[in-house]
């Protein structure tokens, strides 16, 4: 298994527009894209920072995974996503190591899972 | 203010040796350095991943910031550190924006502060 990079750090926020404004003012950065991902119950904004991203996440409804995270832990870092060279090899390796996979997305060369909190 | 990269993601763990072993098995990565930072009450291991790092942190004593974090929130992501082009300009900008700076280290071109949780 080869980790290429930290693809993104997912950060749960209550108000996506407010958070984007805060990152704009504080760090002078802008999202490169913003999208609603119905299947995960989130709206997200990806902010490129060097070779990685900060991904701001806000829940579409309270009973979603990010909604529950906000209710119990408040705003803050939610997951860490590594870009890998070979997603199939990575999943086989992680399964063999007994890692519970929170979720993953079918983007080429990227596996996302929730970090143990 | 210019963010060069995500320098590291700090992750609080209870047992540094166990965590290093877990990262070795699960992600096949190794720390490039490990050190005790008495002034911050931590022992830390830096694991290079692409242009960034995962920094595993364990408290030297319970009453340290990381010790208190573990007691209240458990193991997990503790802070996000950006590498910046000009640390003095970054600090002036952040102060002007009213950002409370949790901490920073006197490494060239790096500013570290605790992310809002």
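Some notes on this structure:
- Residue B:85 being closer than 24 Å to residue B:3 by Cβ, touching a strand residue (DSSP E or B) at 6+ places or on another chain (Cβ under 8 Å) and more than 12 Å from chain A (Cβ to nearest Cβ): no
- Out of A:20, A:6, one residue alone is under 24 Å from residue B:3 (Cβ atoms) and surrounded by fewer than 21 Cβ atoms within 10 Å (Cβ to Cβ). It is A:20.
- Some residue of the stretch A:29-40 being in contact (Cβ under 8 Å) with a residue 60 or more places away in the chain, at negative phi and either within 14 Å of chain B (Cβ to nearest Cβ) or surrounded by fewer than 19 Cβ atoms within 10 Å (Cβ to Cβ) (or both): yes
- Unmet criterion (only one of (1) surrounded by fewer than 16 Cβ atoms within 10 Å (Cβ to Cβ); (2) over 18 Å from residue A:23 (Cβ atoms)) for residue B:85: (2)
- When the stretch A:19-39 is filtered for residues that are modelled with pLDDT of 95 or more, within 17 Å of residue A:59 (Cα to Cα) and not in a strand (DSSP E or B), the ones remaining, listed by number, are A:19, A:20.
- Where strands (runs of 3 or more DSSP E) fall wholly inside the stretch B:41-117, the ranges with 3 or more residues that are at pLDDT 90 or above are B:42-49, B:52-59, B:76-84.
- Considering the stretch B:50-73, the residues that are closer than 24 Å to residue B:84 by Cα and more than 14 Å from the chain's Cα centre (by Cα) include one that is nearest to the other protein chains (Cβ to nearest Cβ), namely B:50.
The values are calculated or read from the model by the stated rules, or taken from the named source; none is laboratory data. Every value quoted in this text rests on a predicted model; they were computed, and no experiment measured them. Don't worry about glycine lacking a Cβ; one is built from the backbone with ideal geometry, like all the others, and counts go over all protein chains shown.
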